[in-house]
Amino acid sequence: MKRREFIGLVGGAAAWPFTASAQRAGGKIVTIGILAIEPWPPINTFRQALDDLGYVEGKNVRFEYRYAKGRNERFPELAKDLVGLNVDAILTWGTDAVLAAKQATATIPIVMGSVGDPLGIGIVTNLARPGGNVTGFSSRAAELEAKRLQLLKEVVPGLSRVATLFNPTNHYTPLALQSARKGAQVLDLSLALYEVYDITTLNVAFVQLTKNRPDGLFVPGDTFLVSQRGGIAQFAIENKLPSVYSLREHVEAGGLMAYTPNYDDLFRRAASYVDKILKGANPGELPIEQPTKFHLVINPNTARALSLTMPPRLLATADEVIE
């Protein structure tokens, strides 16, 4: 073997430590770990996309699910559990889950179905060539917070004071609030911030909101807050608070509206990344991509309960109306 070829092979092995695991995809059952706060509909899209690519559960692929069930502090132990099982790849979403997976392993490929801002949070240092073992998809969530406030003001033209529920333990939160503050300044809105990270602080926030009587409610993306979506939506309706969210699930639970990336599209693309990695691609060389499709979701029943008339333009451009 020529010296140049030998050096190239050694360099390739050093840059890509996952090949042996990836080769297990050939004719054997591969194991994909799922790490998240709770089951989420886009995971079904991910599984269907894998099935379309030839990965049939029980035949050549199986899934190991690890859900924190509303308790973010469990992510490190759940991630270590998946690493201990020597799974072939990990699909995860949400900032805290991704960070836990990254801390747990530097060798098992990690594909992010969705994370707010992987560059701003420090998960990677380069979107085009992330390096290491983490790749996947950014939801560009922080960039959209100002847009959500704009939509809320379209629905409530006299909007002035907006209550914001936020989880201070979420590493994504500072980026979301930074974007929201910039948007609020342009829209001449004041944001009143309420820390919420467990049931107790959520109830305290409800009491304070009842006393302070803001004009609207804004809820950035957070796994704990979405796990409490039913209670938040009900409180907003009972207190006549028009609300805007980052996730469709809030609107299904009775929230007024959400402006959100098309997560089904992101998870479908995540399946193609897992397929490439299992066939030997280096995750560090797969660019972290951003969403190209966004959805405006409106709940007209909630609008009626709040005695609101939704602007016809919004209703006409809504991607989904949940009755």
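Any residue in the stretch 192-204 that is small (Gly, Ala, Ser) and in contact with a Leu (Cβ under 7 Å, 6 or more places away or on another chain)?
No, the conditions are met nowhere in the stretch 192-204.
Suppose we filter the stretch 38-88 for residues that are assigned to a loop (DSSP other than H, G, I, E, B) and among the aliphatic types (A, V, I, L, M); how many remain?
5
Go through (1) open to solvent by 20 Å² or more (accessible area, probe 1.4 Å); (2) farther than 30 Å from Pro312 by Cβ for Leu187 and report which single condition fails.
(2)
Among the residues in the stretch 227-236, are any within 24 Å of Ser138 (Cα to Cα), in contact with a strand residue (DSSP E or B) (Cβ under 9 Å, 6 or more places away or on another chain), among the β-branched types (Val, Ile, Thr) and modelled with pLDDT of 90 or more?
No, the stretch 227-236 has no match at all.
Among the residues of the stretch 105-130, how many are open to solvent by less than 30 Å² (accessible area, probe 1.4 Å) and small (Gly, Ala, Ser)?
3
Can you confirm whether Asn133 is over 30 Å from Gly216 (Cβ atoms) and touching a residue at least 12 places away in the same chain (Cβ under 8 Å)?
Yes.
Can you pull out every residue in the stretch 275-304 that is over 23 Å from the mean Cα position of the chain (by Cα), open to solvent by 40 Å² or more (accessible area, probe 1.4 Å) and under 29 Å from Leu159 (Cα atoms)?
Of everything in the stretch 275-304, those that are over 23 Å from the mean Cα position of the chain (by Cα), open to solvent by 40 Å² or more (accessible area, probe 1.4 Å) and under 29 Å from Leu159 (Cα atoms) turn out to be Asn301, Arg304.
What is the number of the single condition among (1) part of a helix (DSSP H, G or I); (2) open to solvent by less than 50 Å² (accessible area, probe 1.4 Å); (3) at pLDDT below 90 that Ala20 does not meet?
Every listed condition holds for Ala20 apart from (2).
Any idea which residue in the stretch 49-78 is surrounded by the fewest Cβ atoms within 10 Å (Cβ to Cβ), counting only those that are free of Cβ contacts under 8 Å to residues at least 12 places away in the same chain and under 19 Å from the mean Cα position of the chain (by Cα)?
If we take residues in the stretch 49-78 being free of Cβ contacts under 8 Å to residues at least 12 places away in the same chain and under 19 Å from the mean Cα position of the chain (by Cα), then Glu73 is surrounded by the fewest Cβ atoms within 10 Å (Cβ to Cβ).
For the stretch 223-253, what are the residues that are open to solvent by 10 Å² or more (accessible area, probe 1.4 Å) and in contact with a Ser or Thr (Cβ under 7 Å, 6 or more places away or on another chain)?
Residues satisfying the conditions are Ile237, Asn239, Leu247, Arg248.
Within the stretch 134-143, count every residue that is open to solvent by less than 10 Å² (accessible area, probe 1.4 Å) and not small (Gly, Ala, Ser).
Result for the stretch 134-143: 3.
Within the group Ala163, Ala146, which residue is more than 20 Å from the chain's Cα centre (by Cα) and open to solvent by less than 50 Å² (accessible area, probe 1.4 Å)?
Ala163
Name every residue in the stretch 190-235 that is part of a strand (DSSP E or B) and within 21 Å of Gly116 (Cβ to Cβ), in order of residue number.
Answer for the stretch 190-235, where residues must be part of a strand (DSSP E or B) and within 21 Å of Gly116 (Cβ to Cβ): Leu191, Leu193, Tyr194, Glu195, Leu217, Phe218, Val219.
The values are calculated or read from the model by the stated rules, or taken from the named source; none is laboratory data. These numbers come from a predicted model, not from an experiment. We place every Cβ from the backbone using ideal geometry, glycine too, and count neighbours over all the protein chains shown. All accessible areas refer to the heavy atoms of the entire protein, side chains included, with ligands and DNA or RNA removed. Shrake-Rupley method; radii C 1.70, N 1.55, O 1.52, S 1.80 Å.
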